[in-house]
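Heads up, the thing below is written out as structure tokens.
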Amino acid sequence: MYHQEFPPPGELSDTIKCFWYNREDFGMQPTSFDVVPDGYAEIIFHFGGDCSVVHDDNLQPLPSPFMMGLLNQPVQFYAKNCLEIIAIRCFPWTVFDLLGLPSGKYGLHVFEHPVARLQSPLSACIRAGKIVDAIALVKQYFLEARSHIAVDSMLYKAGVAMSKANGTLPVSQVASAAHATVRTLERKFKQSSGYTVKDVSGLMRFEQVRNQLWHYPDSNIAALAAEMGYTDQSHLSREFKRYSGVTPAAFARKARKRKREVSDDFVAFIQS
């Protein structure tokens with residue numbers, strides 16, 4: 001697997017976390033992989049290998065692009081041959097405004113949108129091996145889209161505070177950092193993202209634990225629970241299993257094995 005991330009230009013830093021490219025050869029038979037929850041929404045363009053999900057006991061091909069919203073558990077995908085992805089990792093409180101779509105509690109979300117017009121030129125770049133050019137195309141598209149929306153400064157401040165604290169701040173402190181009342185912040189946050197501040201903070205905190213165990217699978221889980229503000233190790237284990245489907249210890253064992261096969265980058269793909 002090959003993975004590369006690209007930072008957004010300054011004008012997009014309040015709406016987009018990063019752009020990324022991923023390539024993996026899954027072989028000729030459909031192979032499953034899980035997408036694990038994190039604190040972001042992803043707009044996914046895919047090329048080459050088939051990308052599918054199970055629907056009514058059958059593999060259903062996914063269109064390109066589609067959106068991965070916030071998840072509360074892993075989603076299993078199937079792919080074969082060489083699957084290449086260009087993705088836009090967005091803050092969940094900005095992605096719907098950026099696309100001009102109504103917000104909602106979406107996991108896997110198929111939608112119709114003018115952004116799909118990028119599929120053909122992006123495919124040409126991918127076939128030519130011009131990944132930087134493909135990233136430039138999506139950057140330009142979203143720079144134009146960003147110029148037509150007004151990002152709520154209160155939500156931006158709240159997001160910065162949540163991100164800096166890795167999701168460990170109580171809602172009252174997030175509201176204080178955003179210079180808003182708890183009630184106003186919660187109302188605007190849910191309107192923009194479909195989720196509450198607590199929902200997103202929980203995912204951010206899980207993501208930090210997940211990344212720590214991926215990069216350092218021998219980490220002390222009890223110490224990690226204390227560092228990340230969980231009540232105790234049992235609290236961390238319950239939350240971790242809720243989002244990932246496995247215990248922290250089981251995830252660390254899988255990470256230890258997987259790290260011998262792939263790079264250090266965690267891209268939320270865990271092959272079964």
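The values are calculated or read from the model by the stated rules, or taken from the named source; none is laboratory data. Keep in mind it's a predicted model, so treat the numbers as computed, not measured. When we count neighbours, we look across all protein chains shown, and the Cβ atoms used for this are built from the backbone with ideal geometry, even at glycine. These area figures cover heavy atoms from the full protein model, side chains too; ligands, DNA and RNA do not enter into them. Shrake-Rupley method; radii C 1.70, N 1.55, O 1.52, S 1.80 Å.
Which pairs turn up if I take residues in region 149-177 that are among the charged types (D, E, K, R) and look for partners that are crowded, with 21+ Cβ neighbours inside 10 Å with beta carbon separation below 6 Å, at least 6 apart in sequence or on another chain? The qualifying pairs are Lys157/Ala178. The numbered conditions (1) surrounded by fewer than 18 Cβ atoms within 10 Å (Cβ to Cβ); (2) under 18 Å from Leu203 (Cβ atoms); (3) not small (Gly, Ala, Ser) are all true for Gln119 except (2). Pairs meeting the criteria (first residue in region 37-51 and without any contact (Cβ under 8 Å) to a residue 60 or more places away in the chain and open to solvent by 10 Å² or more (accessible area, probe 1.4 Å), second residue in a strand (DSSP E or B) and of a type in the set (Lys, Arg), beta carbons under 8 Å, at least 6 apart or on different chains) are Tyr40/Lys17; Tyr40/Arg89; Glu42/Arg89. Look at region 218-231: where a residue is touching a residue at least 24 places away in the same chain (Cβ under 8 Å) and a partner is part of a loop (DSSP other than H, G, I, E, B), sitting 6+ places away or on another chain with Cβ atoms under 6 Å, you get Gly229/Thr168.
From the list Val132, Val200, Val138, the lone residue that is assigned by the TED database to the domain that holds Leu101, part of a helix (DSSP H, G or I), closer than 30 Å to Leu83 by Cα and under 18 Å from the mean Cα position of the chain (by Cα) is Val138.
All of (1) of a type in the set (Ser, Thr, Tyr); (2) more than 21 Å from Lys105 (Cα to Cα); (3) in contact with a helix residue (DSSP H, G or I) (Cβ under 7 Å, 6 or more places away or on another chain) hold for Ser32 with one exception: (3). Right, Glu144: more than 21 Å from the chain's Cα centre (by Cα) and either within 30 Å of Leu122 (Cα to Cα) or not in a helix (DSSP H, G or I) (or both) or not? Taking the combined requirement at face value, the residue satisfies it. Of all residues in region 235-259, those satisfying the criterion of being under 23 Å from Val200 (Cβ atoms) and part of a helix (DSSP H, G or I) are His235, Leu236, Ser237, Arg238, Glu239, Phe240, Lys241, Arg242, Tyr243, Ser244, Pro248, Phe251. Is region 207-224 home to any residue that is under 21 Å from Gly159 (Cα atoms) and either assigned by the TED database to the domain that holds Gln76 or touching a Lys or Arg at 6+ places or on another chain (Cβ under 8 Å) (or both)? No, that holds for no residue.
When region 145-201 is limited to residues that are touching a helix residue (DSSP H, G or I) at 6+ places or on another chain (Cβ under 7 Å), open to solvent by 60 Å² or more (accessible area, probe 1.4 Å) and among the hydroxyl-bearing types (Ser, Thr, Tyr), the one that is nearest to Gln73 (Cα to Cα) turns out to be Ser172.
Step by step: first the residues of region 84-97, then only those that are in a helix (DSSP H, G or I) and under 16 Å from the mean Cα position of the chain (by Cα), then the one that is nearest to Tyr2 (Cα to Cα). Which residue is that? Once the filter is applied, the top-ranked residue is Val95. Of the strands (runs of 3 or more DSSP E) that lie entirely inside region 1-54, those containing 2 or more residues that are within 19 Å of Val115 (Cβ to Cβ) and not hydroxyl-bearing (Ser, Thr, Tyr) span 16-25, 41-48. Residues that are at pLDDT 95 or above, in a helix (DSSP H, G or I) and over 22 Å from the mean Cα position of the chain (by Cα) do occur in region 107-117. In this structure, is Asp97 acidic (Asp, Glu), surrounded by fewer than 21 Cβ atoms within 10 Å (Cβ to Cβ) and in contact (Cβ under 8 Å) with a residue 24 or more places away in the chain? Here the answer is no, as Asp97 does not meet what is asked.
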